[in-house]
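First the structure, in the form of structure tokens, and then the observations on it.
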Amino acid sequence: MGREMEPQAKRAKADGAALLPGLTAWLDREGVWWDDEAMQIKESKSPNGSSLSIHSRRPLPAGHHLCTIPKDACLSVRNASCSDIIMEENMCSGLGLVMAVMHERLLGPKSRWHGYFCSLPEREYLPVFWGPEELALLQGTELGDAIHDELDCVRSDYTDQIEPLIAKHGLEGMNYSFPAFQAAASLVASRAFKVDDAVGDAMVPLADVFNHKASVVALSDQYAVYEGEEGEDSSDDSDSDADEEEVQEGEDTEDADGDEEGAASGSEAASESLGSSEASGSGGEGSGSPGASPGAGTMLTSQLVPPSFLADAEPELHGLRSANGLSLALEICIVDDEEGAALRILTASPIGEGREVHNTYGELGNRDLLEKYGFTLPENPHDSVTLELEALWAWGAARHGAREWEARRAFLDANTPWLRRRRYAAVLVHPNGHMPAWCIAAVWLTAAQRDPALPMWEDAKAALGPEVHEALLADPSATMSVLEGALREAAPPDFAEALRALAEPKLQRVLAGSPATDNLDSEVADFEGGRLSDRKTARLTSGQLRASELAILRPLVQTQLQ
């Protein structure tokens, strides 16, 4: 049994008593085991207060067993003190877990999980709980337009779903309140994940001590990210009201009718919005309350340990093999034990002595990290920006004239993946100019010169030329690097201008919303009462989000091919 050392929290607990002793004793009582000779749970001061993290005591090979967490020690709607109420009300979703966490926290020392909760922050400062001044800092960013209505949704969940239960089930003495509900919701959104189909979403003590790093979720054939039973995939957007304006990226697949659709990528499956009750993969009544994090890249279905968890020991993404000084390889994986009664955390790749050991909460860009977890990364290869294709179409119409553009759009719809169905109105662009090959083709064909007196091109191969067509087919998740060498010389003279037309409107929105951030770096060191103020935390994270978006956009508008 692990002893002494230091467990818990994700980022920070307000200054006060040390976090470790109470949590360590609680973990021991609950039968949580960790290899005290291999890993150290450290407590340290941070801009947000006291925080916990996991560090290696010695070099660790891949497959090393770090800890075991009984599933019964994980707080879920199945074993919470108020589970009978949650079950009676059919609230087995993210909202049910939020109620369970709120209820247990209000029980104080009477709660079985009191020792665990004492090590957690009072709440995570997620954007959904920011005030108007802080929300203004997100103006123009990917998150700015999405966050404003979510607080109203969370409040509606409390007033419509939780408040009626107080009198119905005699909970008047529990001191339920909207602030308590908000705090619980922030912890569920940032820490919980689906354990299995029986347990459902849960708070998983000790597992949530592992901090996040950017990683590529590329697993060997014996393993797969756990997504629950068929039909519960959190990436399912079949009921979306926004089908006509969906953002798409990646490879195309064909359905039975031959229509091409985009396959959901790993990052799409793990980046459901904070306000979606489907984020946990279990649909439910709450439309606004945070669901559990899917834990993409950590929860695996296999019970055996193969020679390697990873398909690639040195994964690459968008031309990058590292971020923030760390490899993009997964460092841990969470698997069932042989009986399925506990979770085992094992190293997924070798860890050096004295190194912090990280989890990966999913292939998430800074937008999703800030929305769900309240932090951002200085370097994030999963970052993306959304570009509206209408800006490109407007440029094409102005450049070619109405008749030629109508014919050219018909050609694009017939010969460019996804555009044929006129379903998708935007595209995601990633670092280093990475965008879907079909989007590069669309920009190319929009910019291409041709004699309107001649018949339209026969097909995309004839329009692009065999070399360009072959290069784009070979890399469906393409990058602007396909335009190097001979392809650069083959690009239409107006290609760079068309690309700028696509990216410029978004760039201007991000720049227009930029708040003053002078002296922000120095303010990080200026703790208020031993911790960074909420206002400065919002400035720091929103500033980093804006910077990451500008880093993607500026090279696109500065592209020079001639």
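Quick one: would you say D15 is outside any strand (DSSP E or B) and at pLDDT 90 or above?
The answer is no for D15.
Within the range 350-373, track down each residue that is part of a loop (DSSP other than H, G, I, E, B) and over 21 Å from G543 (Cβ atoms). Steps first, answer last, please.
We begin by selecting, within the range 350-373, every residue part of a loop (DSSP other than H, G, I, E, B); these are 350, 352-355, 357-358, 360-365.
The answer is P350, G352, E353, G354, R355, V357, H358, T360, Y361, G362, E363.
Going by what's in this entry, would N366 be described as closer than 30 Å to A425 by Cα, open to solvent by less than 50 Å² (accessible area, probe 1.4 Å) and in contact with a Gly (Cβ under 6 Å, 6 or more places away or on another chain)?
On the way: closer than 30 Å to A425 by Cα: yes; open to solvent by less than 50 Å² (accessible area, probe 1.4 Å): yes; in contact with a Gly (Cβ under 6 Å, 6 or more places away or on another chain): no.
Against the criterion (closer than 30 Å to A425 by Cα, open to solvent by less than 50 Å² (accessible area, probe 1.4 Å) and in contact with a Gly (Cβ under 6 Å, 6 or more places away or on another chain)), N366 does not qualify.
Looking at S156, is it surrounded by fewer than 22 Cβ atoms within 10 Å (Cβ to Cβ) and modelled with pLDDT of 95 or more?
no
Are any of the residues in the range 118-131 in a helix (DSSP H, G or I) and open to solvent by 10 Å² or more (accessible area, probe 1.4 Å)?
Checked against the condition, which is being in a helix (DSSP H, G or I) and open to solvent by 10 Å² or more (accessible area, probe 1.4 Å), the range 118-131 yields at least one hit.
Residue under question is G140, and the condition is that it be under 28 Å from L387 (Cβ atoms), part of a loop (DSSP other than H, G, I, E, B), open to solvent by less than 30 Å² (accessible area, probe 1.4 Å) and at pLDDT 90 or above; does it hold?
yes
Considering every residue within the range 58-71, establish whether at least one is without any contact (Cβ under 8 Å) to a residue 40 or more places away in the chain and open to solvent by less than 20 Å² (accessible area, probe 1.4 Å). Don't jump to the end; show me each part of the working.
Kept after step one, since they are without any contact (Cβ under 8 Å) to a residue 40 or more places away in the chain, are these residues of the range 58-71: none.
Among the residues of the range 58-71, not one is without any contact (Cβ under 8 Å) to a residue 40 or more places away in the chain and open to solvent by less than 20 Å² (accessible area, probe 1.4 Å), which makes the answer no.
Return the pairs, sorted by first residue and then second, in which the second residue is assigned to a helix (DSSP H, G or I) and open to solvent by 30 Å² or more (accessible area, probe 1.4 Å), the first residue lies in the range 456-474 and is without any contact (Cβ under 8 Å) to a residue 24 or more places away in the chain and farther than 23 Å from A407 by Cα, the beta carbons are less than 7 Å apart, and the residues are 6+ apart or on different chains.
What qualifies is E467/A486; E467/A490.
Across the range 175-190, what is the total count of residues that are surrounded by fewer than 24 Cβ atoms within 10 Å (Cβ to Cβ) and under 22 Å from L326 (Cβ atoms)?
Of the residues in that region, 0 qualify.
Filtering the range 327-342 down to residues that are assigned to a strand (DSSP E or B), of a type in the set (A, V, I, L, M, F, W, C) and modelled with pLDDT under 95, which residue is surrounded by the fewest Cβ atoms within 10 Å (Cβ to Cβ)?
It comes out as V335.
What is the one condition in (1) over 30 Å from G354 (Cα atoms); (2) of a type in the set (D, E, K, R); (3) open to solvent by 20 Å² or more (accessible area, probe 1.4 Å) that E104 does not satisfy?
For E104, the exception is condition (3).
Looking only at the range 441-461, which residues are open to solvent by 60 Å² or more (accessible area, probe 1.4 Å) and either under 17 Å from T416 (Cβ atoms) or in contact with a Pro (Cβ under 9 Å, 6 or more places away or on another chain) (or both)?
Once the filter is applied, which keeps residues that are open to solvent by 60 Å² or more (accessible area, probe 1.4 Å) and either under 17 Å from T416 (Cβ atoms) or in contact with a Pro (Cβ under 9 Å, 6 or more places away or on another chain) (or both), the range 441-461 yields Q449, E458, K461.
Could you check L97 against (1) within 14 Å of V204 (Cα to Cα); (2) touching a Phe, Trp or Tyr at 6+ places or on another chain (Cβ under 9 Å) and say which number it fails?
(2)
For the list (1) open to solvent by 10 Å² or more (accessible area, probe 1.4 Å); (2) over 19 Å from the mean Cα position of the chain (by Cα); (3) within 19 Å of Y373 (Cα to Cα), I need the number of the one condition that H148 fails.
All conditions pass for H148, except number (2).
Being farther than 30 Å from L499 by Cβ and open to solvent by less than 10 Å² (accessible area, probe 1.4 Å): is that true of V357 here?
yes
The values are calculated or read from the model by the stated rules, or taken from the named source; none is laboratory data. Here the structure is a predicted model, which means the values were calculated and not measured. Cβ sites come from the backbone with ideal geometry, for glycine too, and all protein chains shown count toward neighbours. Please note that ligands, DNA and RNA were not included when accessible areas were found on the heavy atoms of the full protein model with its side chains. Shrake-Rupley method; radii C 1.70, N 1.55, O 1.52, S 1.80 Å.
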